[in-house]
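Take a look at the structure set out below.
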Number of protein chains: 2
Amino acid sequence: MSLVVVGSVAYDGVETPHGKVDRMLGGACTYISLAASYFTHVKIVAVVGDDFEQKDRDLLAARDIDLAGMESVPGGKTFFWAGVYSPDMNDRTTLQTDLNVFADFAPKLPDHYRDLPYLLLGNIQPALQGSVRRQMTKPRFIGGDTMNYWINDFRGELLETIAHWNVLLINDGEARLLSGEHNLSKAAKKIRQMGPQVVIIKRGEYGAMLFHEHGHFAVPGYLLDTVFDPTGAGDCFAGGFMGYLAEQGVDPNSGKADPKVLGRAVVYGSVMGSFCCERFGVDRFRDLTRKDIDKRFEEFRSFTSF
Amino acid sequence: MSLVVVGSVAYDGVETPHGKVDRMLGGACTYISLAASYFTHVKIVAVVGDDFEQKDRDLLAARDIDLAGMESVPGGKTFFWAGVYSPDMNDRTTLQTDLNVFADFAPKLPDHYRDLPYLLLGNIQPALQGSVRRQMTKPRFIGGDTMNYWINDFRGELLETIAHWNVLLINDGEARLLSGEHNLSKAAKKIRQMGPQVVIIKRGEYGAMLFHEHGHFAVPGYLLDTVFDPTGAGDCFAGGFMGYLAEQGVDPNSGKADPKVLGRAVVYGSVMGSFCCERFGVDRFRDLTRKDIDKRFEEFRSFTSF
């Protein structure tokens, strides 16, 4: 079943201890869509400038991603972000953020997107996330991401928006900020009371946890010998999770998924996040296959079974 | 099969956000022994002063722990430590350390300890760990713990000592310090080259990883609604791990265990560490049963299976 993804398509400049790239394809929507495209058909909603390169458009199209909703602004420049990672890669410093055409992003869904069942709202202003949701006629399952900035400065707007979501994907620091609870079990409980029946807490190298009405699921992180570039790993997690869920399907009436399917979706999310870190930017997705993905999924099973 | 445990038996003063106790039974050897006693027969090697209370001796004896190797120094005072935890409990500040009789600890094994197969060396000076090992006639499987202080200031002595161990239990920061590698996969590989065929990296609330010749195993941490007091959790992990291994047995010739048994031992270690945090000091062990333990083990299976 098709998945609509909204978020940023960008150019990134990234420096890690393993190298430096001045300008390459990036953005949450890009990473989410590439990761999800291994599981389901993806249609994106985004905005770029007329500096957006054909080769980048081709990369997305090669994964059968529908670009009808990617608006190109004549004379505009694509969102640009640059950052540098700390030696242990647990922190990063933003060096440059040029919103460019993204500053006036007013997402508009093509007609053939509106009846689709799955929607993933990347980390953008909560009001825009709400506007996209309202353009859909009958979304069956809505997932979304957010960040500290919206939690702190747009709290009311954010709470109004996430009240309509089926799953919120968030990292541990953001979960604590949103809920006011340090303990993650209590934090997830409070967030579930805000609307989403499922809460996923991403913990970077430590793995991820999923909370739902029947309990929780946890998976440790994948151990890479070398993390080349963690940019986009969280978005790839979201793409893998929602992609697998769209592939397997949720109950059309309740929007609920089998807890086992949710657990496997978290593992597929972790698999996609781990692949993302193996090369710079989106490079790993240039030759990654579903076979590679399923092999790593089984590797997760092997190092977590007892 | 019996397990010999050496380490500190102490009185602790502990303050956490959930309360404050001025003086209670503590010490690595105490926590290890209590946790291991649910799986195997434990014999301890330690030193106390004549202020050591009968009720504390009784608690250990009630778990069938052999105290023949616990020397009592007439006129001496038992090791005392006091500390306070940060609000999120991820850090603690030591307020007082009175080594007392522990300053002159020269572990001496009773004769009936020497032929036993399993040995767990708690975190004490590496030379003393070596002395205990040499007093054993034919240990089949040796595990040990260490800390930053010995890694930094007694490195040669420590390397000489751990070269004879089958398993090193260490936390992530210590593993990085000992190996000089930030990446835990590389760190474990380097540490395995120092002698121990098995390396366990404890990650506190994030769980634990085990590395052996055939690969690795990882388990997420147990999610407690409230952590009352994390003191001793790492030692209880070690006790649960080694106790289960002693219960299941390793190969008498190679000292090797089945990888599945090693994985389950890590989970039992995690179970014991989680119980430890539920009350102050050793209080959880006053009424904990093996049935409770096996129930939580199955809970781990349930929240990690997919």
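Criterion applied to B:L34, B:L95, B:L60, B:L25 was being more than 21 Å from B:C236 (Cβ to Cβ) and among the hydrophobic types (A, V, I, L, M, F, W, C), and the one residue passing it is B:L95. Applying the condition of being buried (at least 21 other Cβ atoms within 10 Å of the Cβ) and either charged (D, E, K, R) or in a loop (DSSP other than H, G, I, E, B) (or both) to region B:228-249 and asking which residue is farthest from the other protein chains (Cβ to nearest Cβ) yields B:D235. Among the residues of region A:148-175, those that are out of contact with any Asp or Glu (no Cβ under 7 Å at 6 or more places or on another chain), part of a helix (DSSP H, G or I) and not acidic (D, E) comprise A:Y149, A:W150, A:N152, A:R155, A:G156, A:L158, A:L159, A:T161, A:I162, A:G173, A:A175.
A:I200 passes every criterion in (1) part of a strand (DSSP E or B); (2) within 14 Å of another protein chain (Cβ to nearest Cβ); (3) over 20 Å from the mean Cα position of the chain (by Cα) apart from (3). Filtered by the rule that a residue be surrounded by fewer than 22 Cβ atoms within 10 Å (Cβ to Cβ), of a type in the set (A, V, I, L, M, F, W, C) and not in a helix (DSSP H, G or I), region B:255-282 gives a lone residue, B:F280. Give the number of residues within region B:91-127 that are aromatic (F, W, Y) and within 26 Å of B:A257 (Cα to Cα). Residues in region B:91-127 being aromatic (F, W, Y) and within 26 Å of B:A257 (Cα to Cα): 2 in total.
When B:F102, B:F52 are screened for being surrounded by 20 or more Cβ atoms within 10 Å (Cβ to Cβ), of a type in the set (A, V, I, L, M, F, W, C), more than 22 Å from B:G240 (Cα to Cα) and over 20 Å from the mean Cα position of the chain (by Cα), only B:F52 passes.
Here A:F285 meets the list (1) surrounded by fewer than 14 Cβ atoms within 10 Å (Cβ to Cβ); (2) more than 10 Å from every other protein chain (Cβ to nearest Cβ) almost entirely, failing just condition (1). What are the residues in region A:253-279 that are over 27 Å from A:G19 (Cα atoms) and away from chain B (no Cβ under 12 Å), if any? Answer for region A:253-279, where residues must be over 27 Å from A:G19 (Cα atoms) and away from chain B (no Cβ under 12 Å): A:N253, A:S254, A:G255, A:K256, A:A257.
Conditions tested, residue by residue: (1) crowded, with 23+ Cβ neighbours inside 10 Å; (2) over 24 Å from A:W165 (Cβ atoms); (3) under 18 Å from the mean Cα position of the chain (by Cα).
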{"position": "A:K20", "(1), (2), (3)": "no, yes, no"}
{"position": "A:A28", "(1), (2), (3)": "yes, no, yes"}
{"position": "A:T40", "(1), (2), (3)": "no, no, yes"}
{"position": "A:K77", "(1), (2), (3)": "no, yes, no"}
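In region A:79-99, the residue that is farthest from the other protein chains (Cβ to nearest Cβ) out of those that are touching a residue at least 60 places away in the same chain (Cβ under 8 Å) and loosely packed, with under 11 Cβ neighbours inside 10 Å is A:Q96.
Among the residues of region B:172-188, those identified as in contact with a helix residue (DSSP H, G or I) (Cβ under 8 Å, 6 or more places away or on another chain) and within 13 Å of another protein chain (Cβ to nearest Cβ) are B:D172, B:G173, B:A175, B:R176, B:E181, B:H182, B:L184, B:K186, B:A187, B:A188. Does A:M70 satisfy the criteria of being within 14 Å of chain B (Cβ to nearest Cβ) and aliphatic (A, V, I, L, M)? When the stated conditions are applied, A:M70 does not pass them.
Scanning region A:214-225 for residues that are surrounded by fewer than 22 Cβ atoms within 10 Å (Cβ to Cβ), in a loop (DSSP other than H, G, I, E, B) and within 7 Å of chain B (Cβ to nearest Cβ) yields a total of 2. Return the residues of region A:162-182 that are surrounded by fewer than 22 Cβ atoms within 10 Å (Cβ to Cβ) and among the small types (G, A, S); say none if nothing qualifies. Scanning region A:162-182 gives A:A163, A:G173, A:G180.
Of all the residues that make up region A:37-57, how many are hydrophobic (A, V, I, L, M, F, W, C) and more than 15 Å from A:C236 (Cα to Cα)?
Result for region A:37-57: 5.
Criterion applied to B:M209, B:M194 was being modelled with pLDDT of 95 or more and part of a loop (DSSP other than H, G, I, E, B), and the one residue passing it is B:M194.
The values are calculated or read from the model by the stated rules, or taken from the named source; none is laboratory data. Keep in mind that what you see is a predicted model, and the values were worked out from it rather than measured. Neighbour counts are summed over all protein chains in view; Cβ atoms, including those assigned to glycine, are modelled from backbone coordinates with ideal geometry.
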